[in-house]
Structure formats: structure tokens, C-alpha cells
Amino acid sequence: MIKNLCVIVACILFSTGLAFADSASMTQAINFGNVRLSNPQNSAIVVLESDGTYGTQTNIASNSGQSNGIMRYQAAGLSALFGYQVTARTSTTGSLACTTTATCSGCTVTFGNMVVSPTSQSVSLFNNNKNFNYGGRLTVPANCGYGTFSGSLTVSYSSNNGNVTGTLTATLVIEAQPVSVMSTQDLSFGTLLATATHDVVVNPNGTRQGSVYVINDASYPYSNGIIQITKQESGSRSVTVAVDSQTTISNGGTSLLVDLVTSPVASSITTLTSKDTYINVGGTLHVTQGAPAGEYNGTYRIEVTY
């Protein structure tokens, strides 16, 4: 009777061991490092390989301090008695949110294209801990600002012992530009008539010189352009500033010429001493008689070299 009882107890303990669940835990977060964008007004892509090296980047001036993510898969107890394969899935997507709200509030960086190495490993009773290395791709929206971004990603594994999920943290630091440039107000000539060839001038101070062909109505506003140059560092910085002297605005197949002028003269700005420097942009629009009705749009280039 005692012998039979011992056999029954042993079977119960053995069955419980088989029911133990595997687990996955993070031992190192994915760190996309410190990144400086070439042009903050355009979107950017940061790629990190599973070995911790950078892949092909888009709109990135410099990046450093990166590390791949590492997840440790652990097969629980007697569940690995006979050994089995663990396969990592790579379909995870997610996002990283700004945690320094004063400089990047509202901006979200998108994570995708997760990569993992190795993709599959064998576990056994005496070798039941395995590391999986992770990387992926981040897409930074245009005009995102700068600061620290972080988020949590769900990673998953499948094996003969079932499916397991874990949480992997990802971080990114977008560095402030020593000098950044943005347009804070568009140059607009308002609403005009094209019953004759004529010129319309918007001065850098925002006033307009027109003619009988200009519609003077508050419903049809006009404005000078404003360029903001921002210097993040406290000391002065030498720069060279250039703004196009001419551009065109177009509507379908019709283009009109615009002569541009700035105040102060862009080329006269050689040193930034204040955090923000503003350039006002005006222009002379040459309207051609019979130009088709519609909205005419165009761009001009501002280049700051430092």
C-alpha cells in the first residue's frame, strides 16, 4: 500500500513540472542612440541592425551611442527535458513618444521592420536560457523637434511548449540642431486681376504696393514672408545666409516670375548672437495679362551654412 502511494505522488509531481510556462525578459533595451537630423523639416529614417550597428539612414547628419536590444528566453524547469526549438516572430510594430514635452510635444516616432538574430534556437533542460538580439527601423516625422523618445514593444515566440510574449523597450534621442531654419509665415500677394500686365509689390515689412488690379479686401489677405533662424547654443556662431533672388509661382502650366528681396539683407548676416534671428521676405510679382484664374504656388530656398 505504501509503495503504490509513492508511485501516485511521483506521477503528480512529474505532470506539474510539464505544465511550467516559459518566459521572456528584457536584458537590454533597443537604443537607437543620439541622432542629429540633416534637415528637421523633412522626415528621417533610423535603421539599427540586430548586431547593434547602424544600417542605411535617411536624412541623418550624425548618429552614435546605439545598442541592439536583447531578450532572454527561458524554458521553465522540466518543460525542456526533451528539448525543442524556439522561434522568434518579427512582425511587431509600435511607436515612441516624446518624453521631453517642451521640445517635441505631440511628436510620435514610428517603429517597424523589426529584425532579430538568431531567428530560432534550441533549448534543453541543461541549456534553457537563450538570448535573442533585436533591431528595427524608426521613422521620424518632419518638424518633430528634438528630445528623448521612448516606447514599449511586444515581442513574441513560439515553440512546442506554447506561445510566449515579452516587452522590449526602445529609446531614441534627437539632438538639437546647432542652427535650424524654418519659415514661420508665407509670402502672399493676395488676390489680383490679370486684365493687364502689371507688377504687385509686397515689401519685407508687410505693406503692399499695388494698382487698380489689386483687390483690396480683408477677405483676400496678403503678407510678407518670415524666416526664423534658431541657434541652440549660448555662444555666438559664424554663419553664411543665402536666399534666392528669384522664384516662380505656378498654376497648372502657367508660371509667373517673382523677384525676391530680404530685410535685413540675407548676405549681411554673418554672426548669430541671439537665440532667434528673423529675416523678412518681400517680392515683386510680375503678373502677365490673361493669366488663368486660380491659386498660384511656389517655393524659394533659404540656405544657412555654419
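Report note on the peptides 243-255, 63-75: ranked by the mean count of other C-beta atoms within 10 Å, highest first, their order is 63-75, 243-255. Excluding ligands, DNA and RNA, the accessible surface per residue across segment 148-198 is 42 Å² with a 1.4 Å probe.
In order along segment 169-183, the Karplus-derived 3J(HN,Hα) couplings, from 6.51 cos²θ - 1.76 cosθ + 1.60 at θ = phi - 60°, round to 8, 10, 9, 8, 10, 8, 7, 5, 6, x, 9, 10, 10, 8, 8 Hz, and Gly and Pro are given as x.
Ranking Ser211, Ala88, Thr240 by Cα position along the charge dipole of the chain, where only Lys, Arg, Asp and Glu carry charges on their C-beta atoms, puts Ala88 farthest toward the positive end.
Using the per-residue mean of other Cβ atoms lying within 10 Å as a proxy for protection, in what order, highest first, do the peptides 144-154, 80-90 fall?
Working: 144-154: 18.6, 80-90: 16.2.
Packing proxy ranking, top to bottom: 144-154, 80-90.
Under 5 Å from the amide H of Ile269 lie the amide H atoms of Val241, each residue being 5 or more positions distant or on a separate chain, with H modelled from the backbone and absent for Pro and chain starts. Surface composition of segment 128-250: carbon and sulfur make up 44 percent of the accessible area, probe 1.4 Å. Listed peptides 283-293, 109-119 appear in the order 109-119, 283-293 once ranked by packing, highest mean of other Cβ atoms within 10 Å at the front. Cα centroid separation, segment 217-250 to segment 87-161: 39 Å. Derived scalar couplings between HN and Hα for segment 289-306 equal 4, x, 4, x, 5, x, 9, 9, 10, x, 9, 9, 9, 10, 10, 10, 9, 9 Hz in order, rounded to whole Hz, by the Karplus curve 6.51 cos²θ - 1.76 cosθ + 1.60 (θ = phi - 60°), x for Gly and Pro. Between rounded, prolate and oblate, where does segment 179-306 land on the alpha carbon gyration tensor, with a ≥ b ≥ c its root eigenvalues, rounded for a/c under 1.5, else prolate if a/b exceeds b/c? In terms of gyration-tensor shape, prolate.
Backbone geometry of segment 26-41 corresponds, through the Karplus equation with coefficients 6.51, -1.76 and 1.60 at θ = phi - 60°, to 3J(HN,Hα) couplings of 7, 10, 7, 6, 6, 10, 6, x, 9, 10, 10, 7, 5, 9, x, 7 Hz, x marking Gly and Pro. Given +1 at the Cβ of Lys and Arg, -1 at the Cβ of Asp and Glu and no other charges, the dipole of the chain around its Cα centre is 1100 debye to the nearest 20. Between helix 2-18 and the chain there is an angle of about 10 degrees, using the helix long axis and the longest principal axis of the Cα atoms.
Just how many % of Cα pairs in the chain lie over 38 Å apart, if you round to the nearest whole percent? Everything past 38 Å amounts to 44 percent. A simple count of charges around Ser180, restricted to other residues whose Cβ falls under 14 Å of its Cβ and scoring Lys, Arg +1 and Asp, Glu -1, yields 0. Taking 0.36 nm per residue of sequence separation and removing the Cα-Cα distance, the Thr103/Asn129 pair yields an extension gain of 5.2 nm. The calculated 222 nm mean residue ellipticity attributable to helices in the chain amounts to -2000 deg cm²/dmol, summing -39500 (n - 2.57) over DSSP H runs of n ≥ 4 and dividing by all residues.
The values are calculated or read from the model by the stated rules, or taken from the named source; none is laboratory data. Values in this document were obtained by computation on a predicted structure and should not be read as measured data. Positions of Cβ are generated from backbone atoms using ideal geometry, with glycine treated the same way; all protein chains shown enter the neighbour counts. Protein only, heavy atoms only, side chains kept; ligands, DNA and RNA dropped before computing areas. Shrake-Rupley method; radii C 1.70, N 1.55, O 1.52, S 1.80 Å.
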